Number of protein chains: 2
Amino acid sequence: MIGRFLEDFAAGQTFRSGRVRIDTERIKTFGAEFDPQPFHLDEEAARDTIFRGLAASGWHTAAVTMRLLVESDLKPAGGIVGAGADEFRWPRPVRPGDELRIESEVLEVRPSRSRPDQGLIKVRTTTLNQNDEAVQVIIANLVVPRRPTPGGEEAAASEHVDPAGERVPSKYRRTTAAGPTNDH
Amino acid sequence: MIGRFLEDFAAGQTFRSGRVRIDTERIKTFGAEFDPQPFHLDEEAARDTIFRGLAASGWHTAAVTMRLLVESDLKPAGGIVGAGADEFRWPRPVRPGDELRIESEVLEVRPSRSRPDQGLIKVRTTTLNQNDEAVQVIIANLVVPRRPTPGGEEAAASEHVDPAGERVPSKYRRTTAAGPTNDH
């Protein structure tokens, strides 16, 4: 799970993904479990609703977007861990058969004021359909560890939950006795 | 699907839900499909991550929250249709066995400037665990139709996509020849 540390990110970097097709059956089963409203369950019932036809739950789109993000080259060390989002919208519905992909851009990189071993990156992820139309835009803040410094890891060993939502142990990643390892 | 129209909502109204239990297996299968990272997939692999143990994907929490919201008494006419969110965060992880419920509060009600037949309500939904700790907070803008006026429905019959993300047909709900029906 070793990946990019905070020092490896910079505003302007972009990341893309492969595509995933959203099929009718998964729209309906996701809807039945998590968002049981007519426009996510049945073509006929959906026709006379605001969506004028079957559409994926926005949470289905969000979940698929996460999958695409995990599979992209973004790969923060320790995984994609969201503290929250500054903006989140669904400009148009996802329809059966749509093929979704993402484009992510790093907007900002900043060390944590309270946690010397980590920082936050602000990333805008746009989910696009096969016609390159945006179906979701999210600007999320991700918790990313700073690159460990040899010998610097004993400074803060207790678990800590930051009131700002940065719920993280103060020592993010254990390093070996020989010092931190990374793939850079 | 008839429910509350814009005129039936007011700032300060609150809505609650029942509870749903999040079990280990669903955390893992949701993670495998949508958020395949060690902390959502396997107890052992999760131990040495930022979460220090298995935790539900934030998108799983979001999806379960939607289910609870759909089942609550909020019930806007035409369903719960989100235009987007102003705030979205996960202050603490959801663990196997947690029992989640929601508390929603209407913060603001406003007619649409461009669409005389609808408006937006701003709703803060807090998802709480069995210890009454917040695990998710979202402030979402929901599209809600205004109460139809008899004879007023021909004014705008074309479909329309609002650039601000209010993707809605201009005539939200068909009314009968005898005039609108509602359950109030």
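The values are calculated or read from the model by the stated rules, or taken from the named source; none is laboratory data. Keep in mind that what you see is a predicted model, and the values were worked out from it rather than measured. With ideal geometry, Cβ positions are generated from the backbone for all residues, glycine too; neighbour counts draw on all protein chains shown.
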Next item on the list: Test A:Arg113 against the criterion of being without any contact (Cβ under 8 Å) to a residue 60 or more places away in the chain, assigned to a strand (DSSP E or B) and of a type in the set (Lys, Arg), and give yes or no.
Entry: no
Check: Restricting to the stretch A:61-94, what's the tally of residues that are without any contact (Cβ under 8 Å) to a residue 60 or more places away in the chain and either in a loop (DSSP other than H, G, I, E, B) or outside the structural domain of A:Thr14 (by TED's automatic domain parsing) (or both)?
Finding: 6
Checklist line | Checking B:Glu71 against (1) surrounded by fewer than 23 Cβ atoms within 10 Å (Cβ to Cβ); (2) under 16 Å from B:Ala140 (Cβ atoms), the condition it does not meet | finding: (2)
Item checked: Tabulated pairs, the stretch B:116-131, first surrounded by fewer than 18 Cβ atoms within 10 Å (Cβ to Cβ) and at pLDDT below 95, second among the small types (Gly, Ala, Ser) and not in a strand (DSSP E or B), C-beta under 9 angstrom, 6+ apart or interchain -> B:Pro116/B:Gly152; B:Pro116/B:Ala155; B:Pro116/B:Ala156; B:Pro116/B:Ser170
Item checked: Given (1) within 29 Å of A:Arg67 (Cα to Cα); (2) under 16 Å from the mean Cα position of the chain (by Cα), index of the condition B:Lys75 fails -> (1)
Check: With (1) outside any loop (DSSP other than H, G, I, E, B); (2) within 23 Å of B:Thr126 (Cα to Cα) as the list, and B:Glu44 as the residue in question, which single condition is left unmet?
Finding: (2)
Checklist line | Which listed residue is at pLDDT 90 or above, farther than 30 Å from A:Ile50 by Cβ and outside any loop (DSSP other than H, G, I, E, B), from A:Val137, A:Val143 | finding: A:Val143
Checklist line | Pair list, Cβ < 8 Å and 6+ apart or interchain, from the stretch A:21-45 residues that are facing chain B (nearest Cβ under 10 Å) to residues that are part of a helix (DSSP H, G or I) and β-branched (Val, Ile, Thr) | finding: A:Phe34/B:Val64; A:Asp35/B:Val70; A:Pro36/B:Val70; A:Gln37/B:Val70; A:His40/A:Ile27
Next item on the list: Output the residue which, of all residues in the stretch A:1-13 that are modelled with pLDDT of 95 or more and surrounded by 13 or more Cβ atoms within 10 Å (Cβ to Cβ), is farthest from the other protein chains (Cβ to nearest Cβ).
Entry: A:Gln13
Checklist line | All positions within the stretch A:46-60 that are touching a residue at least 24 places away in the same chain (Cβ under 8 Å) and under 13 Å from B:Gly78 (Cβ atoms) | finding: A:Phe51
Check: Residue check: is B:Arg67 in contact with a Pro (Cβ under 8 Å, 6 or more places away or on another chain) and farther than 30 Å from A:Gln118 by Cβ?
Finding: yes
Next item on the list: May I ask you to list the residues in the stretch A:46-79 that are more than 10 Å from every other protein chain (Cβ to nearest Cβ) and of a type in the set (D, E, K, R)?
Entry: A:Arg47, A:Asp73, A:Lys75
Next item on the list: Within the stretch B:17-39, track down each residue that is among the charged types (D, E, K, R) and closer than 20 Å to B:Arg52 by Cβ.
Entry: B:Asp23, B:Lys28, B:Asp35
Notebook entry, point to check: How many of the residues making up the stretch B:52-68 are farther than 18 Å from B:Arg19 by Cβ and surrounded by 22 or more Cβ atoms within 10 Å (Cβ to Cβ)?
Noted result: 5
